[in-house]
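Below is one structure; the comments refer to it alone.
The values are calculated or read from the model by the stated rules, or taken from the named source; none is laboratory data. This is a predicted model, so every value here is computed, not measured. Every residue, glycine among them, receives a Cβ derived from its backbone with ideal geometry; neighbour counts consider all protein chains shown. These area figures cover heavy atoms from the full protein model, side chains too; ligands, DNA and RNA do not enter into them. Shrake-Rupley method; radii C 1.70, N 1.55, O 1.52, S 1.80 Å.
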Amino acid sequence: MVEPAGNISSVLSVVLQVGKWLAAPIGRQFMHLYNYNTNFKNLETEVDKLKNTRDEVQVKVDAAEINREEIKQTVKDWQTKVNNTITAAERLIQEKEENRRCFKGLHPNCINRYKHSKKAFKLKRDDIGPLLQQEERFDEVSYSSIQQSNYEKNFVKLRDDVLKLKNARRKVQRKVEEAEINGEEIEEDVKKWLEDVDSIIVKAQELIENQSLIGTDWRTRYQNSKAASELVVEDIGPLLQQEERFVKVSYSTIQQSDYKKNFVKLGDDVLKLKNARRRVQREVEEAKNNVEEIEEDVKKWLEDVDYIIVKAEELIENQSSIGTDCKTRCQNSKAASELMVDNIGPLLQQEERFDKVSHPTIHKEIWLRSNEDYLAFESRNSTLKNVWDALQDEKIYMMGVYGMGGLGKTTLAQEIGRKAEKDKLFDQIVFVEITETPDIRKIQTTIANKLGLKFEDEREGESDRANKLYSRMEKNNILLIVDNIWEELDLKMVGIPFEADRGRNKILMTTRNVDVLEKMGSTNNLGMGILNEEEAWRLFKNMAGNCYNSF
């Protein structure tokens, strides 16, 4: 009785396994399973084709090697891939024969058949097919080897050209030595040519010396002959042609009068640069006194000016120690000229384009900078937490705190602002206090100034200002704290964005009357009650400070 139950359990296990397999997208999987025998039959056919093709290519390779030809690297790589692919295919075919059956041997193992069928299909499509196509493009499998006569000709030509190059180098070297005696400056392309010639001569001589050690190995002889030919055509020939174009190898050094003129001009330009620096520095100091931000290009200009002045003064100081050495005088005069043209001139021009050296900045408000610890009371902590949670809720745009005067609503709002600034919850935090009789223009100006927005025309009406303020704030990330509201404030009239245009902006309001908040559309309103006796005494002692301790 146990055995049938065991059989049923085994069958159910396999059925469940197949069920999991069938739960995935089954289109392609079913086709691989359905085409199991076809896929392997096709694979065996393609493997036979690949073997025949491999044998045909090998016949060509053997013939080429008998003729001492160089087998192409692409052919060698192809043969390696073919052998690897045939081995992989034969191993897969063998695994197919050994495929275990399931259901106590009553049915083929579907999962293994699927895997093997898929591998057979991919092996035929992705490996064997491309290899057969690649072989069709093999016009030749080798390079023709050079004849003995060409080999010897190449090295005879190399020796002759090396001799010509040595003679050309001697001619140029004599001109260079004469120019240096006359205190002239050698052209840079001539210096480079001499370096290249020395390098190529060494390379050619090593190749010639190795020729006698090669023996009769046809492959090495082919490679060396090819290297000799390339050296003659690509290196020695162009160098010989370049030498023919050297009309002069040097240029005359400057005359004594030009030398002095350059340094007199350098001294004058350094003085101009110092004066320009003083003018800009005065403007920078004035801007700093007005707590303005210095422009980055102005800071960079001052750094560059200081560096160039030091460099120029060092060059002027070294002038007296040069003596009459023509080469050094030429180099220093050239350096002085380049310093004026490439550095001092552009710096003086840049200074003329500085309309302003700074821009006004928005400074952090004093209450945001305060490091004083917030005096937390148990009766206030829940309010603080609820306001903080509302600030982080994307669905909540407007919230308020209400309660009688003197309860600490402003202090709590500012603590929320400090915490939000510390946690970088908003890009900017703006605090505006409303009087008992609110002045819309004054409120607009206060908010605008704290956001860096200037109302240039004092004659602008409240609606024009509201439009500008709205454009500045819309779809931004600003916390606006509106403190001490006495009566309903029309946010649209002020220019504060709402609904879709509010972006990530939030408004936190404080008032004595909850009706004001509700009229303005604030639905998240938190009331503050009076402190209990213990909290009130603690607050009194904290505010009394040293006065209390002296009692």
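When 202, 190, 197 are screened for being part of a helix (DSSP H, G or I), under 24 Å from residue 238 (Cα atoms) and touching a residue at least 60 places away in the same chain (Cβ under 8 Å), only 190 passes. Of everything in segment 200-229 that is more than 14 Å from residue 162 (Cβ to Cβ) and among the charged types (D, E, K, R), the residue that is surrounded by the fewest Cβ atoms within 10 Å (Cβ to Cβ) is 217.
Looking at the structure I just gave you, is residue 165 touching a Leu at 6+ places or on another chain (Cβ under 8 Å), part of a helix (DSSP H, G or I) and closer than 30 Å to residue 242 by Cα?
Values: touching a Leu at 6+ places or on another chain (Cβ under 8 Å): yes; part of a helix (DSSP H, G or I): yes; closer than 30 Å to residue 242 by Cα: yes.
Yes.
With respect to the conditions (1) open to solvent by less than 70 Å² (accessible area, probe 1.4 Å); (2) modelled with pLDDT of 85 or more, residue 33 lacks only one, and its number is (2). Scanning segment 208-222 for residues that are out of contact with any Phe, Trp or Tyr (no Cβ under 8 Å at 6 or more places or on another chain) and not hydroxyl-bearing (Ser, Thr, Tyr) turns up 209, 210, 213, 214, 215, 217, 218, 219.
Could you check, for segment 243-262, whether at least one of its residues is farther than 30 Å from residue 332 by Cβ, assigned to a helix (DSSP H, G or I) and polar (S, T, N, Q)? Outline the logic, then answer.
Our first condition is that a residue be farther than 30 Å from residue 332 by Cβ; within segment 243-262, this holds for 243-245.
Checking which are assigned to a helix (DSSP H, G or I) leaves us with 243-244.
Filter once more, so that each one left must be polar (S, T, N, Q): none.
Checked against the condition, which is being farther than 30 Å from residue 332 by Cβ, assigned to a helix (DSSP H, G or I) and polar (S, T, N, Q), segment 243-262 yields no hits at all.
When residue 475 is tested against the conditions (1) buried (at least 22 other Cβ atoms within 10 Å of the Cβ); (2) on the phi > 0 side of the Ramachandran plot, the lone failure is (1). The sole residue among 474, 460, 456 that is under 17 Å from residue 505 (Cα atoms) and out of contact with any Lys or Arg (no Cβ under 7 Å at 6 or more places or on another chain) is 474. Checking 448, 420, 390 one by one, the residue that is surrounded by 11 or more Cβ atoms within 10 Å (Cβ to Cβ), over 21 Å from residue 526 (Cα atoms), within 41 Å of the chain's Cα centre (by Cα) and modelled with pLDDT of 85 or more is 448 and no other. In the set 297, 355, only one residue is part of a helix (DSSP H, G or I) and either loosely packed, with under 15 Cβ neighbours inside 10 Å or on the phi > 0 side of the Ramachandran plot (or both); that residue is 297.
Considering 171, 157, 191, 166, the condition of being surrounded by fewer than 17 Cβ atoms within 10 Å (Cβ to Cβ) and over 22 Å from residue 249 (Cβ atoms) is satisfied by 157 alone. Listed by first and then second residue, the pairs linking a residue in segment 158-185 that is at positive phi to a residue that is in a helix (DSSP H, G or I) and not charged (D, E, K, R), with Cβ atoms under 9 Å apart and 6 or more places separating them unless they lie on different chains, are 183/326; 183/330. The condition of being open to solvent by 80 Å² or more (accessible area, probe 1.4 Å) and over 18 Å from residue 404 (Cα atoms) holds for only one of 502, 459, 512, 465, that being 459.
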